[in-house]
1. Subtracting the Cα-Cα distance from 0.36 nm times the residue separation, let me have the gained length for Gln65 to Asp37 in nm, one decimal.
2. Can you list the residues, at least 5 places off or on another chain, whose amide H is less than 5 Å from the amide H of Leu50, using H built in the peptide plane?
3. What's the extension gain from Arg51 to Ser110 if we count 0.36 nm per residue and subtract their Cα-Cα distance?
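Read-outs: derived from the displayed coordinates by stated rules, not from any lab. These numbers come from a predicted model, not from an experiment.
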Amino acid sequence: MKAHHAVGFVVALFVATTVSAQEHTQFDQHDRQVTSDWYKQHQSHAPAGLRSQDRLSSEQESRLQPGKVLPQDLRRRSHAVPSDLRRQLPAPPRNHSYVAVGGHVALVDSKTHVIRDVIRLLEH
């Protein structure tokens with residue numbers, strides 16, 4: 001009987017975790033704080049996509065908006081977020097990834113390239 005309850009708990013936990021990851025298409029305050037804190041600790045040796053020289057022009061900045069498709073020129077400038085930051089963020093939904101581009105961290109649909117949300121670390 002106890003094994004049956006344990007299996008039920010594991011299944012419930014898996015379903016809850018899966019649903020949570022699938023629904024996490026926007027950054028919450030905790031995600032923003034974790035990302036900001038990580039950036040402050042790594043700012044002096046920031047990786048590609050998050051360096052001050054990676055800043056976007058005003059025109060490029062205006063195209064990095066939730067709900068819009070990440071333009072091809074910005075896709076070429078995007079990089080996977082560092083693994084130590086990625087581990088601190090919730091698992092992205094299926095077919096989504098966290099990218100660093102132009103001093104920002106974005107959650108992007110890997111198939112459609114639609115930007116789900118953006119954390120701005122370097123202001124223009």
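1. 7.8 nm
2. Gly103
3. 18.9 nm
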